[in-house]
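See structure below.
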Amino acid sequence: MLDTAPAVRGTPGRKPPGRARSRRRPRFGPYLLIAPTVVVIALLMFWPMVQIGIMSFQKVGNRQLRGEPAEPVGTENFRTIFDDPFFWQTLRHTVIFAVVAVSLTMLVGTLVGLLLNKLGKKMSNFVAGGVMVAWATPPVTAAIIFTWLFGTTGGVVNWSLDLLPDFLVGSGWDDYNWFAKPLSTYTVLTVCVVWQACPFVAVSVLAGLKSVPGELYEAARVDGSGPWRTFWSITYPMLKPIFLVLLVMSIIWDFKVFTQLFVMAGMANRDSFNLSLYAYSEAFGSMNPKLGMGSAIALVLTLILLVVTALYVRVMVRQGETR
């Protein structure tokens, strides 16, 4: 007798009607949940960015602030800043500072994270909480602290260097002005930014290390692998996605540093300007504001950061494809 069970169950490969209808049903729940966040981001970020993009192609000054319509100038603002040697000087300051600060932040943060991983649980939590105080310090407060530390009047750093023998550090440190020249200004700025940023890197690296299986390190010790080889063979490959995220975030943060430099150097020392301070000075730093010029500089800085972000996304997509 023939078995007719397949005919009763239906044609093979045909989807049940109920399941097909459930897949075609639109789901608006997730979109409704993220809608308030999208609206807030659009109002606080996207709309100002659109306004900056529009003003970068206009001449906006005191008359326009009093209500007169803005004058379209096309790409004149961009041609002006690109022909200005001072723009390239500020761009050079921005890039060099970002390279040095990001490198030191990643290095110091990674070393602190590795150290925290070697400590006991209680001591690790205590030290991690202590270093996070630096990361939680507002930029204005940190800038004031380091301005006092390196100040010419009662500065702890100048006082300490003046106590050392002259054949080690030279003389004249008692009244040395760290904020008179770009090199010394960016030296203090780098120390301040690295001091604030490395705790976040350290805690992130520590969290990533907790997810690495201990069997890998045990196998490396059995094979006679040293700390240097263990880091590059096990730790770095396992934490590479975390390092990429931290690298991109550090680049974005250090490229747009403004508050610390504004407090330390002020508006008078134009030789120490970066792109952010240059954009502010053009837009608000004089009695005759040039909001169009400032918007053009800000737009250039935004495009640079978008390129960095796009490169990061491309790397992450390639890593996802190779897995």
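So the values come out like this:
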read-out	value
Selection from VAL257, TYR236, LEU168, by position along the positive dipole direction of the chain (Cβ)	TYR236
Electrostatic dipole magnitude of the chain [Cβ: Lys, Arg +1; Asp, Glu -1; Cα centre; debye, to 20]	2340
Kyte-Doolittle mean at least -1.0 and Cα axial length at least 24 Å: DSSP H helices in the chain	85-118, 182-210, 236-255, 291-322
Debye log10 I(q)/I(0) at q = 0.10, 0.20 Å⁻¹ for the stretch 167-323, Cα point scatterers	-0.60, -1.24
About the Cα centre, charge dipole magnitude for the stretch 88-213 (Lys/Arg +1, Asp/Glu -1 at Cβ), debye	720
Distance (nanometres) between label positions extended 7 Å along Cα→Cβ at PHE258 and LYS122	4.6
Rg in Å to one decimal, and Dmax rounded to a whole Å, for the chain via C-alpha atoms	27.7, 109
Candidates per trypsin sites (Lys or Arg not before Pro) in the stretch 104-163, loop by DSSP, up to 11 other Cβ within 10 Å	none
26 Å Cα-Cα threshold exceeded, pairs from LYS118/LYS240; LYS181/LYS240; LYS122/LYS256; LYS59/LYS256; LYS210/LYS240; LYS256/LYS290	LYS181/LYS240; LYS122/LYS256
Convex hull per residue volume in Å³, alpha carbons only, for the stretch 106-176	140
Helix-derived mean residue ellipticity, 222 nm - over the chain, DSSP H n ≥ 4, -39500 (n - 2.57), to 500	-22500 deg cm²/dmol
Relative contact order for the chain, counting Cα pairs under 8 Å that sit 6 or more residues apart, in percent	27
Counted charge near LEU247, where neighbours are those whose Cβ lies closer than 15 Å (Asp, Glu -1; Lys, Arg +1)	+1
Protection proxy ranking of 292-301, 132-141, 176-185 - average other beta-carbon atoms within 10 Å, highest first	292-301, 176-185, 132-141
Residue-normalised accessible area of the chain, expressed per residue, 1.4 Å probe, Å²	64
Sulfur and carbon atoms: percent of accessible area, the chain [1.4 Å]	68
The stretch 76-138, Cα convex hull volume normalised per residue, Å³	96
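The values are calculated or read from the model by the stated rules, or taken from the named source; none is laboratory data. In this text, all values refer to a predicted model and were calculated from it rather than measured experimentally. Ideal geometry is used to build each Cβ from the backbone, glycine not excepted, and the neighbour counts take in all protein chains shown. Areas reflect the complete protein model, heavy atoms only, side chains present, ligands, DNA and RNA absent. Shrake-Rupley method; radii C 1.70, N 1.55, O 1.52, S 1.80 Å.
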